[in-house]
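Asks: The structure that follows is given in the form of structure tokens.
The values are calculated or read from the model by the stated rules, or taken from the named source; none is laboratory data. Only a predicted model underlies this, so the values are computations on that prediction, with no experimental measurement involved. Every residue, glycine among them, receives a Cβ derived from its backbone with ideal geometry; neighbour counts consider all protein chains shown. With ligands, DNA and RNA removed, areas are computed over all heavy atoms of the protein, side chains included. Shrake-Rupley method; radii C 1.70, N 1.55, O 1.52, S 1.80 Å.
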Amino acid sequence: MPSRLRRVSWRSCSCSHFFVFTAIIVVVLAMVWFGTGSMVPVFVVAVLMFPGTYLNTADGWRSIDTAKVLAWTLVSMFII
């Protein structure tokens, strides 16, 4: 057994399998709802991209330093 064990994050193990199975379920449901028309790829891409986009946007908003934003807002009010 190696002396140094690397800690494995929960994201690296089961999360990838979860997303694969979720994608398969979404594709099957989209084909049932919309048939095999051109709306299926649009729906699948929109549904599968939404969670990642939402989480990254929320994380970006949380990482904004509000003191700096307020300072630059006050500076820009006097410049303009």
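Asks: Quickly run through segment 58-80 and pick out the residues that are open to solvent by 70 Å² or more (accessible area, probe 1.4 Å) and either in contact with a strand residue (DSSP E or B) (Cβ under 7 Å, 6 or more places away or on another chain) or closer than 30 Å to I24 by Cβ (or both). I'd like the intermediate steps shown before the answer.
Replies: Initial filter on segment 58-80 (open to solvent by 70 Å² or more (accessible area, probe 1.4 Å)): 59, 61-66, 68-70, 72, 74, 77-80.
Selection gives D59 alone.
Asks: Could you run through segment 31-79 and say how many residues are of a type in the set (D, E, K, R) and at positive phi? Spell out how you get there, then give the answer.
Replies: Within segment 31-79, the first condition is being of a type in the set (D, E, K, R), and the residues that meet it are 59, 62, 65, 68.
Subset that is at positive phi: none.
So the answer is 0.
Asks: Are any residues in segment 39-72 in a helix (DSSP H, G or I) and either touching a residue at least 24 places away in the same chain (Cβ under 8 Å) or among the small types (G, A, S) (or both), and if so, which ones?
Replies: Filtering segment 39-72 down to residues in a helix (DSSP H, G or I) leaves 39-62, 66-72.
A46, L48, G52, A58, G60, A67, A71, listed by residue number.
Asks: If you don't mind, another one. Pairs only if they're at least six apart or on different chains, beta carbon under 6 angstrom, first in segment 16-27 and assigned to a helix (DSSP H, G or I), second at pLDDT 80 or above and open to solvent by less than 50 Å² (accessible area, probe 1.4 Å); list them, first residue then second.
Replies: So the pair list comes out as V26/V44; V27/V44.
Matching residues to (1) under 14 Å from the mean Cα position of the chain (by Cα); (2) modelled with pLDDT of 80 or more; (3) of a type in the set (A, V, I, L, M, F, W, C):
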{"residue": "R7", "(1), (2), (3)": "no, no, no"}
{"residue": "I25", "(1), (2), (3)": "no, yes, yes"}
{"residue": "M39", "(1), (2), (3)": "no, yes, yes"}
{"residue": "V44", "(1), (2), (3)": "no, yes, yes"}
{"residue": "V47", "(1), (2), (3)": "yes, yes, yes"}
{"residue": "S63", "(1), (2), (3)": "no, yes, no"}
{"residue": "L70", "(1), (2), (3)": "no, yes, yes"}
